[in-house]
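Participant: First the structure, then my questions, so here it is.
The values are calculated or read from the model by the stated rules, or taken from the named source; none is laboratory data. The structure displayed is predicted, hence computed values, not measured ones. Note: ideal-geometry Cβ built from the backbone for every residue, glycine included; neighbour counts use all protein chains shown.
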Amino acid sequence: MVLELQKPRPIWQIMFSTHHTDVGLLYLIMSLGFLFLGGALALAIRAELFLPGAQIIGDAMTFNRIFTVHGTTLIFLFIIPFASAVGNYFVPIMVRYKDMAYPKLNAIAFWMIPPAGALIWLGFADFTWYATPPYSIISAPGPAADMWIFGLKILGISSVLGAINFVVTILKCKHPDMSIGQVPLLAWSFLSSSLIILVAIPTFAAALLMLLTDRLGVSGFFNPAMGGDPIAYAHLFWFTFHPEVYVLVIPAIGMMYEIIPRFSRRPIYSYGSGVFAFVLLAIVGFSSWAHHMYATGMSFTEKTVFMVGTLAAVPASAMHVFNFIATMWNGRIRFSTPMMWAVGGIALFFSAGAGGVVNSAMPLDFTTHDTYWVVGHFHLFVMGTIAFGSIGYLYYMFPYVTGRMYNEAMGKIHFILSFVGTVLVFFTQHVLGLYGMPRRIFDYPPIPEWIAMNQIASIGAMIIGVSMAIFLANMIYSSGRGEPANTDDPFGVGGKYYYPFEAKNPSH
Amino acid sequence: MAGHSNWPEWIYIGIVVALMTWVGAEAWEVERLIEHVPADAEIIKVTGQQWFWTFEHEDGTKEIGELHVEAGKAYKFEVTATDVIHSFNIHDYVVLIDAIPGRVNTVWFAPDEPGVHDIQCREYCGLIHYNMRGTLYVEEP
Ligand code: HEM
Ligand SMILES: [Cu+2]
Ligand SMILES: [Cu+2]
């Protein structure tokens, strides 16, 4: 399998290309850039919280802006574009088509992201990734808030265009000899997550416009002073963003479905249950959004409905875990770097899900809601599961993209440090939440337990920071100077375990 | 998929479904009980605004940032806000409800022992959100 050949090309040729591997490369490099930018903000946050009192960030407003841009960046400018990178490289190959269905649209969807990222970074809004009204209407300083709104608007459109492209490529452009039941699970993951995007995103797109007109003072949809209802925003937001968490996680699970069987040297235990779980999650994921809103004063019945809807989605996630373990069982496993990341990611996925069940149980959520528990919970997904799956996959595709091998020892050190760091930061944050520390606070009273937990979390974050520096060095060095890879069997697991098709880039 | 039977997966799914049903049933039962406000609960009006809490007792006395109550009595908080959304929280007693402008949310508690506890805001509300704190004094009856 070859994705990109060695022949050097001028950068503008890649930038103006519409070929899926070129657009994939653009997505890849941009998303990794934002991973490091967003990660740097995380380190600033953890340094600030190492001790009570102002440490390195002078004032609360700057701190609030930093965590807002941190979250927005890593979700919308790292996780989603990284998945698009993988989808661009692999989906056309997996359905045996020459490119994405609409190559120009594909390039347009990509090129919408850099200006959106610029709006978010140049504005540096402070109202959290959730932009809750009425704060976001009457209190959040502009133009940062408005720039954020426009940025997200653009990202939403880009997502929808990308999703249309994936759906059409998979359903309409797949090779006629291939039935939908033969499409690899990675491609199924893109089909499911794209369908979620198409149903979920328009709701938030509408909410964003309403937020903007509210800010301009010409409407009062969410402004109680003008007869509006801020809780309506919460419903619109979470109707999009609970399903959206599955948009984030499903492609990462799809990537694990590529890695786990190859490095276990066994076919996947049950292809059928993988497909079923993806589709089920995409549907049931729409029945749980208001589990984010138990504390808004919903009635007992409403809370019960959304709790049941949330718990109903758990078996679908659990099926993936089973599938992975059953595949590795009796497998001849080779723990190369990609496999380590995938297996570590599954372990963290499981722990994260267990914490999610606690949040869902309504009386327990009153202990955990909007404390550091929630921060720990979703970071075990976004970092522990999604970033781990993505980074593992990046190591996996590295030889195919660059024709060279990364440094295996550095890859393993990267994994071990990141894993230890992730456990230190996010398990500790769960406990910190049980001690009652609210999230999104610039400073905290000197409660001994809070200080201790914060320090452990900050040390964990620094360990992750070090591991990411090693990662960066490895990627840069190895893509230029690494050992040439044997692209027929770069990981030494035996040729028949790889995916057989090649991308044909006309510029090569 | 072809060629091997899938019974271990069915057993596993059965266990997960049973576990989730149990969690849901327990949560339903507990929540039903704790939402039942005692009839004799005294009402305290709580107002959140950037960035402090105001409390008004039934007899009309007002307190800012501090709340004095008696051990052994039940209290019902009627919580609202004047500007943006806040969230009224006494973590030690698992009291948590959003303070939303234009709405009144209720939550109740019955402190059992004298003591001092933290009150805080748990919903992001801007600049001084981190220090929108108060103190609950539970006194001898
Ligand atoms: C699949 C990947 C998942 C991701 C990426 C994810 C992400 C998130 C995020 C970002 C939040 C916090 C939102 C905020 O307030 O800013 C959150 C909260 C929550 N999650 Fe998840 N989650 C995932 C899975 C689950 C699962 C499987 C469950 C339940 C079984 C769950 C239950 C909850 C609940 C109940 C909350 C609300 C907690 C609260 O605010 O009190 N999540 N999740
Ligand atoms: Cu959710
Ligand atoms: Cu607050």
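Participant: Could you check, for region A:233-254, whether at least one of its residues is more than 16 Å from ligand 1 (Cβ to nearest atom), in contact (Cβ under 8 Å) with a residue 12 or more places away in the chain and in contact with a Gly (Cβ under 7 Å, 6 or more places away or on another chain)? Full working, then the answer.
Facilitator: Of all residues in region A:233-254, those more than 16 Å from ligand 1 (Cβ to nearest atom) come to none.
No, region A:233-254 has no match at all.
Participant: Based on what the data block shows, is B:V116 within 23 Å of A:L434 (Cβ to Cβ) and modelled with pLDDT of 95 or more? Reasoning before the result, please.
Facilitator: Working: within 23 Å of A:L434 (Cβ to Cβ): yes; modelled with pLDDT of 95 or more: yes.
Taking the combined requirement at face value, the residue satisfies it.
Participant: If I filter region B:4-28 down to residues being at the interface with another protein chain (Cβ under 10 Å from one of its Cβ atoms) and assigned to a loop (DSSP other than H, G, I, E, B), which single residue comes out as farthest from A:F366 (Cα to Cα)?
Facilitator: Checked region B:4-28; the qualifying residue farthest from A:F366 (Cα to Cα) is B:H4.
One line per residue, one yes/no per condition, for (1) touching a residue at least 40 places away in the same chain (Cβ under 8 Å); (2) assigned to a helix (DSSP H, G or I):
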{"residue": "A:I14", "(1), (2)": "no, yes"}
{"residue": "A:T21", "(1), (2)": "yes, yes"}
{"residue": "A:L25", "(1), (2)": "yes, yes"}
{"residue": "A:G33", "(1), (2)": "no, yes"}
{"residue": "A:A40", "(1), (2)": "no, yes"}
{"residue": "A:A47", "(1), (2)": "yes, yes"}
{"residue": "A:I56", "(1), (2)": "no, no"}
{"residue": "A:M61", "(1), (2)": "yes, yes"}
{"residue": "A:V69", "(1), (2)": "yes, yes"}
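Participant: Need at least 2 residues that are modelled with pLDDT of 95 or more per element, so show me which helices (runs of 4 or more DSSP H) inside region A:307-424 make the cut, counting only ones lying wholly within it.
Facilitator: Values: elements: A:337-360, A:362-368, A:372-379, A:388-402, A:408-422.
Answer list for region A:307-424: A:337-360, A:372-379, A:388-402, A:408-422.
Participant: A:L198 passes all but one of (1) touching a helix residue (DSSP H, G or I) at 6+ places or on another chain (Cβ under 6 Å); (2) in contact (Cβ under 8 Å) with a residue 40 or more places away in the chain; (3) of a type outside the set (D, E); which number fails?
Facilitator: (2)
Participant: Turning to a different aspect of this structure: Can you tell me which of A:F78, A:F50 is surrounded by fewer than 23 Cβ atoms within 10 Å (Cβ to Cβ) and among the aromatic types (F, W, Y)?
Facilitator: A:F50 is the lone residue from the list that is surrounded by fewer than 23 Cβ atoms within 10 Å (Cβ to Cβ) and among the aromatic types (F, W, Y).
Participant: Kindly indicate whether B:W108 is more than 12 Å from the chain's Cα centre (by Cα) and assigned to a strand (DSSP E or B).
Facilitator: Considered against the rule, which asks whether it is more than 12 Å from the chain's Cα centre (by Cα) and assigned to a strand (DSSP E or B), B:W108 comes out as no.
Participant: Moving on. Might you let me know whether region A:467-474 holds any residue that is buried (at least 21 other Cβ atoms within 10 Å of the Cβ), part of a loop (DSSP other than H, G, I, E, B) and at pLDDT 95 or above?
Facilitator: no
Participant: Sticking with this one: With the requirement that a residue be in a strand (DSSP E or B) and more than 8 Å from every other protein chain (Cβ to nearest Cβ), what does region B:111-129 give you?
Facilitator: Within region B:111-129, B:G115, B:V116, B:H117, B:I119 qualify.
Participant: Given the condition within 20 Å of A:T68 (Cβ to Cβ) and charged (D, E, K, R), answer yes or no: does some residue in region A:167-182 qualify?
Facilitator: No - not one qualifying residue is present in region A:167-182.
Participant: From the set of residues in region A:288-322 that are more than 12 Å from ligand 1 (Cβ to nearest atom) and either at the interface with chain B (Cβ under 10 Å from one of its Cβ atoms) or of a type in the set (G, A, S) (or both), which is farthest from A:F241 (Cα to Cα)?
Facilitator: Looking at residues that are more than 12 Å from ligand 1 (Cβ to nearest atom) and either at the interface with chain B (Cβ under 10 Å from one of its Cβ atoms) or of a type in the set (G, A, S) (or both), I get A:F322.
Participant: When region A:109-150 is examined, which residues are found to be surrounded by fewer than 22 Cβ atoms within 10 Å (Cβ to Cβ) and among the charged types (D, E, K, R)?
Facilitator: Across region A:109-150, the qualifying residue is only A:D146.
Participant: Can you tell which of A:T368, A:T385 is under 23 Å from A:A316 (Cβ atoms), among the β-branched types (V, I, T) and over 22 Å from the mean Cα position of the chain (by Cα)?
Facilitator: After applying the criteria, what remains is A:T368.
Participant: Find all pairs meeting these conditions: Cβ atoms under 6 angstrom apart; at least six residues apart or on different chains; first residue within region B:108-137 and farther than 22 Å from A:S136 by Cβ; second residue within 16 Å of ligand 1 (Cβ to nearest atom).
Facilitator: B:F109/B:V95; B:R133/B:Q120
Participant: Report the residue count in region A:235-280 for those that are more than 12 Å from ligand 2 (Cβ to nearest atom), among the aliphatic types (A, V, I, L, M) and surrounded by fewer than 24 Cβ atoms within 10 Å (Cβ to Cβ).
Facilitator: Result for region A:235-280: 5.
Participant: Does A:F324 satisfy being within 12 Å of ligand 2 (Cβ to nearest atom) and of a type in the set (F, W, Y)?
Facilitator: Criteria not met by A:F324.
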